[in-house]
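Working notes for the structure below.
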Amino acid sequence: MTDIGVRALRQGVRRGADRIGAATPPGRDRAVDALRAAAVLGVVLGHWLVTALVSDGRTLRTASPLHDMPWLTPVSWMFQTLAVFFLVGGHVATRSHASARARGVPYHQWLTARLARLFKPVAAVLTLWTVAAVALLLSGTEYGTVRTLVKLALSPLWFLVVFAGLTAATPLLTRLNPLWPLAVVLHVDLLRFGLGGPAWLGWVNVAAAWMVPYTLGAAWTRGELERRRAGWVLLGAGAAATAALVVWAGYPASMVGVPGDGMSNLDPPTLAVVTFGLAQCGLALLLRERLRRAMRRPVAWAAVALVNLSVMTVFLWHQTALMATTATGLLAGRLPGLHTRPDDLGWVGARLLWLPVFALALAVCWAAFRSFERGGSGRGRRSRVVRAHRPSDRGAAAKARHV
């Protein structure tokens, strides 16, 4: 590309960013959007880095570099960002519900609108993978391979079910102290691991564990987390508790599931992943002012706004992008970092080189399926990404604009 072309591209990006900035209400708390985008992209990158599809003859199976290289465990700390997403989700939902009540919108109407945003994109994923699974089975593909692929593709749906349940319970959770669900997780783990209780008790934590950051988001809306002291307390106490649980209580150090390991912090959630999430939420709260300043830059804000416009599409299709790349690569044979066992640094280096290819495949999925998330809204409908939501203060729930 010539210098003239580069300058034209930069000018085009700048003009587009300026248009997005001009369409954003000046009072919008852009840190909320930045945290949401960072949380989703963290999950995507985490899956792409620690999920491998290994070819064993005619069968594909999942593997993780964390199994053979446990010293890579800190990677799971960086990219397991679900707690931040639930923090932001609780904050946004409680503000939105308060705004709806102030405008006289019935609860069922508010809930239907919010759930539609979550589940409209799901129809496309379910349809495509139902057809793909049937086609693969009819073509003679090993059942184990089909099961692995479908399970990987649909794994993000568990998150939506939990998030939808918490969204539906928002009126009840608005003033719930996060210590209550935290106490539930603590007692469930004591029964499971300390007293030999049944393993199925762990599934109680699927709701209780993620209710902790969700109700923290509600506390944020109430203005209870505005002081930096709250962020430091959450960060310090959460980090110390997580370290103690790993060192002295035998919890895994990895904050994601590792195929082949006997215990997972995430499936179902344990107390360790909750305390780790508290530390993450504390760090997120401490970064709010820096993010607000960073989002004043037009290009940075435009990038965050675009991610938020398609956040569900990115989340639902990122595993499909990985698998499509892996399947296409099989045509060229067993490729390092794509089909080989993740057991050495060579695999890690090769996988890093594949990340842009995964991103390109995800961009294709985004172009094909983003209309499901936007619900065929058309040009006249104003995007929720540029509707205002203001930094919380005491009483903000009564003043909040719809997000």
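The values are calculated or read from the model by the stated rules, or taken from the named source; none is laboratory data. Note that the coordinates shown come from a computational prediction; the quantities given were computed from them, not determined experimentally. We place every Cβ from the backbone using ideal geometry, glycine too, and count neighbours over all the protein chains shown. These area figures cover heavy atoms from the full protein model, side chains too; ligands, DNA and RNA do not enter into them. Shrake-Rupley method; radii C 1.70, N 1.55, O 1.52, S 1.80 Å.
Summary of values
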{"quantity": "Extended-chain gain in nm, criterion 0.36 nm per residue less alpha-carbon gap, residue 363 and residue 341", "calculated": "5.3 nm"}
{"quantity": "Paramagnetic reach from residue 175 in region 101-121 [backbone N under 19 Å; point 7 Å along Cα→Cβ]", "calculated": "101-103, 107"}
{"quantity": "By accessible area with a 1.4 Å probe, ligands and nucleic acids excluded, highest first: order of 289, 226", "calculated": "289, 226"}
{"quantity": "Accessible area expressed per residue, the chain, with surrounding protein chains retained (probe 1.4 Å, Å²)", "calculated": "48"}
{"quantity": "Spacing of the two label points (7 Å from each Cα toward its C-beta) at residue 107 and residue 296, in nm", "calculated": "4.2"}
{"quantity": "Cβ-Cβ FRET estimate between residue 15 and residue 352, R0 fixed at 30 Å, reported to 0.05", "calculated": "0.35"}
{"quantity": "Kyte-Doolittle mean at least 1.0, axial Cα span of 24 Å or more - DSSP H helices of the chain", "calculated": "30-50, 107-138, 228-248, 345-374"}
{"quantity": "Sites residue 327 and residue 23, calculated FRET efficiency, Cβ-Cβ separation with R0 30 Å, nearest 0.05", "calculated": "0.15"}
{"quantity": "Calculated [θ] (222 nm, deg cm²/dmol) that DSSP helices of n ≥ 4 give over the chain, each run adding -39,500 (n - 2.57)", "calculated": "-22000 deg cm²/dmol"}
{"quantity": "Cβ-based net charge around residue 108, under 15 Å, with every Lys or Arg adding one and every Asp or Glu removing one", "calculated": "+3"}
{"quantity": "Among 253, 368, 37, residue whose mean-square fluctuation peaks in a GNM of the chain (springs only between Cα atoms under 10 Å)", "calculated": "368"}
{"quantity": "Volume per residue that the Cα convex hull of region 202-347 spans, once the total is divided by residue count, Å³", "calculated": "183"}
{"quantity": "GNM result for the chain, Cα springs below 10 Å: residue of 28, 192, 114 fluctuating most strongly", "calculated": "192"}
{"quantity": "Cα-projected label distance for residue 263 with residue 69, points at 7 Å along beta-carbon direction, nm", "calculated": "2.6"}
{"quantity": "Length-normalised contact order of the chain in % [C-alpha pairs under 8 Å, at least 6 apart]", "calculated": "31"}
{"quantity": "Point-to-point label distance, residue 227-residue 158, nm (Cα→Cβ direction, 7 Å offset)", "calculated": "3.8"}
{"quantity": "For the chain, built as a Gaussian network whose Cα springs stay under 10 Å, the top-fluctuating residue of 119, 86, 163", "calculated": "119"}
{"quantity": "Heavy-atom accessible area order for 251, 143, largest first, 1.4 Å probe", "calculated": "143, 251"}
